[in-house]
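Enquirer: Take this structure, written in structure tokens, and hold onto it; I'll ask about it next.
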Amino acid sequence: MSAPPAFAEARNRREKARAAGLSPDYWYAVEYERRVPPGRVVEVRFWNRSIALYRDRSGDLHALENRCAHRQLKLSLGAVDGACLTCAYHGWSYDADGRLAKIPHDLFGHPMPSVRLASYPVRARYGLVWLFPGDRELAGRRHIPDIPELEGRDRWACVPLDFVWQAHHSMVIDNVSDFTHAWLHRRYRPFGDARLTRLESTDDRVRLAYETKIGMGRMSRLFVDRRRVDTSAIELCYEYPYQWSSTDDKIKHWCFPLPIDERTTRVFFLFYFESLKIPLTPMAIPRRLMTLALTLSNRWLIRPLLAQDGFAVEAEQRAWEAHADRPVPDLNPAVGQFHALTARKWEEYLTSAGGIVPSLR
């Protein structure tokens, strides 16, 4: 038994993927909008980096390196003061750009220290707060995924939900895209009898499709309108660093992983449906009631279903740490392509940041 290797020492795609971070040069969902009202500061984390996320009294969102330059206390322990964030200890205040703006005590004859903390671009979309932890110059060229179904007057209902799993982000991507684990979900049967029909890698995407049976569970089958939706196939994509699926362009989801550290991932899921039907009838649930229907579905069906995935990836993380040197006979060819993309993107980021890493074998 040996500990998992670091990225530079990894010998194959799997080892590299399991040691890789996610490139910070993308937008990441980090919190729900509703949890950051005006005057509130919260801590969010990205790959071992602590960030103070706050909304000022005018309602604008900001994000700063989560430490006071004086005694290094987390600024998330402090308070919002107008547009500034103030440390709880000595009252040092920082503006939205991270500049030290005010010290409330005697300076003892010293000039105001020239201090500036790192600040991060931050936006709100789809009920989530998004943060760009990487190169600020890239923030305008890289975009939060466009989900047209969730915008405009006729937008589909969507009630996001999230989990914090003690597992590496690559295990989450494997889980949500590899449909060979139907046995895990035999109680809920979200899919079954999956057969891979397409697999292609282009640029920063791995696209695949399965011929399968969607929504065959005892409860879920009552809500799926099979007269309007072809549930015999599904398309999925690992669109780095996100993942999405589509069933007949009418049942869709996005998965947004937030890598907290090497073995912890917060995962935001957005499931949305063109329509669902009233059980035991051919009638669609009225659009005005879809949010309520999805709220109940999240509680009684989707969250318990995804909790099974959480159980599995957390168990896999523990197994990986105990048996990293054991060979793994993966049968689904898509998994290797997920690993190759994850490892390549991390290698590209390290190289651009000045790191030197070995080539992927």
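Enquirer: Could you please state, rounded to a whole Å, how far the C-alpha centre of region 183-236 is from the C-alpha centre of region 290-346?
Expert: 16 Å
Enquirer: Which one of PRO282, THR212, ALA233 is farthest out on the positive end of the charge dipole of region 193-308, using unit charges on Cβ (Lys, Arg +1; Asp, Glu -1) and the Cα centre as origin?
Expert: Checking the options against the dipole of region 193-308, the answer is PRO282.
Enquirer: Give me the one-decimal Kirkwood hydrodynamic radius in Å for region 143-209, with the sum taken over alpha-carbon pairs.
Expert: Working: mean 1/r = 0.0652 Å⁻¹.
This gives a value of 15.3 Å.
Enquirer: Let me ask something else. Check the straight Cα-Cα distances from LYS250 and name the lysines below 27 Å, setting aside those fewer than 8 residues away within the same chain.
Expert: Leaving aside lysines fewer than 8 places away in the same chain, those within reach of LYS250 are LYS213, LYS277.
Enquirer: Please give the length that would be gained between ARG299 and GLU9 if that part of the chain were fully extended, namely 0.36 nm times their separation in residues minus their C-alpha to C-alpha distance (nm, one decimal). The partial results should precede the final answer.
Expert: Values: separation 290, 0.36 × 290 = 104.40 nm, distance 4.28 nm.
So the extension gain works out to 100.1 nm.
Enquirer: When ranked by the protection proxy of mean other Cβ atoms within 10 Å per residue, highest first, what sequence do the peptides 58-67, 31-40, 255-264 form? Walk me through the numbers on the way to the answer.
Expert: Values: 58-67: 18.2, 31-40: 14.3, 255-264: 20.4.
Answer by packing, highest mean first, reads 255-264, 58-67, 31-40.
Enquirer: What are the residues whose amide H is under 5 Å from the amide H of LEU128, where those residues sit 5 or more places off or on another chain and H is modelled from the backbone?
Expert: Amide H neighbours of LEU128: GLU33.
Enquirer: Continuing with this model, one more query. Report the percentage of all Cα-Cα pairs in region 112-228 whose separation exceeds 24 Å, rounded to a whole percent. Spell out each step's value before the answer.
Expert: Values: 3688 of 6786 pairs.
Of all Cα-Cα distances in region 112-228, 54 percent exceed 24 Å.
Enquirer: Here's another thing I want to ask about it. Which of the cysteines found in the chain have nothing to pair with, since no other Cys Cβ lies under 4.7 Å from theirs?
Expert: By the Cβ distance rule, which asks for a partner under 4.7 Å, the isolated cysteines are CYS84, CYS158, CYS237, CYS255.
Enquirer: Where Lys and Arg each count +1 and Asp and Glu each count -1, what net charge lies around ASP97 among other residues with Cβ under 13 Å from its Cβ? Walk me through the numbers on the way to the answer.
Expert: Numbers: positive: ARG99, ARG116, ARG136; negative: ASP56, ASP60, GLU65, ASP95.
Here the count lands on -1.
Enquirer: To continue, here is another question. Measuring from label point to label point, each 7 Å out along Cα→Cβ, what is the ARG153 to HIS181 span in nm?
Expert: If labels sit at ARG153 and HIS181, their model points lie 4.3 nm apart.
Enquirer: For region 67-72, take each phi angle, set θ = phi - 60°, evaluate the Karplus expression 6.51 cos²θ - 1.76 cosθ + 1.60, and give the result in whole Hz per residue in order, putting x for glycine and proline.
Expert: 7, 7, 5, 7, 10, 6
Enquirer: Taking 0.36 nm per residue of separation and subtracting the Cα-Cα distance, what length does fully extending ARG141 through ALA88 add?
Expert: 15.4 nm
Enquirer: Which trypsin sites (Lys or Arg not before Pro) in region 123-232 pass both tests, a DSSP loop state and at most 15 other beta-carbon atoms within 10 Å?
Expert: Passing both the DSSP loop test and the Cβ count: ARG141, ARG142, ARG153, ARG155, ARG186, ARG187, ARG218, ARG226, ARG227, ARG228.
Enquirer: Beyond 36 Å, what percent of the Cα pairs of the chain remain? List each step's numbers first, then the result.
Expert: On the way: 19017 of 64980 pairs.
Looking at the chain, the distances longer than 36 Å represent 29 percent of pairs.
Enquirer: Taking the mean number of other Cβ atoms within 10 Å as a proxy for protection, how do you rank 157-163, 44-50 from highest to lowest?
Expert: Averaged packing, sorted descending, gives the order 157-163, 44-50.
Enquirer: Roughly how many nanometres apart are two label points built 7 Å out from the Cα toward the Cβ at ARG205 and HIS105?
Expert: In this crude label model, ARG205 to HIS105 measures out at 5.6 nm.
Enquirer: Now, a different point. Would you kindly calculate the mean projected area, averaged across all directions, of the convex hull enclosing the Cα atoms of region 35-139, in square nanometres?
Expert: Details: hull surface 28.1 nm².
That works out to 7.0 nm², a quarter of the Cα hull's surface.
Enquirer: Per-residue HN-Hα couplings for region 205-218, Karplus 6.51 cos²θ - 1.76 cosθ + 1.60 at θ = phi - 60°, whole Hz, x for Gly and Pro?
Expert: So the Karplus estimates, Gly and Pro as x, are 9, 10, 10, 8, 9, 10, 8, 7, 10, 9, x, 9, x, 4 Hz.
Enquirer: Could I have the simple spin-label model distance between GLU33 and THR351, label points 7 Å from Cα toward Cβ, reported in nm to one decimal?
Expert: 3.9 nm
Values quoted throughout were computed directly from the atomic coordinates according to the rules given, and no laboratory measurement underlies them. In this text the structure is predicted, and so the values were computed from the model without any measurement. Glycine gets a Cβ as well: all are built from the backbone with ideal geometry, and neighbour counts include every protein chain shown.
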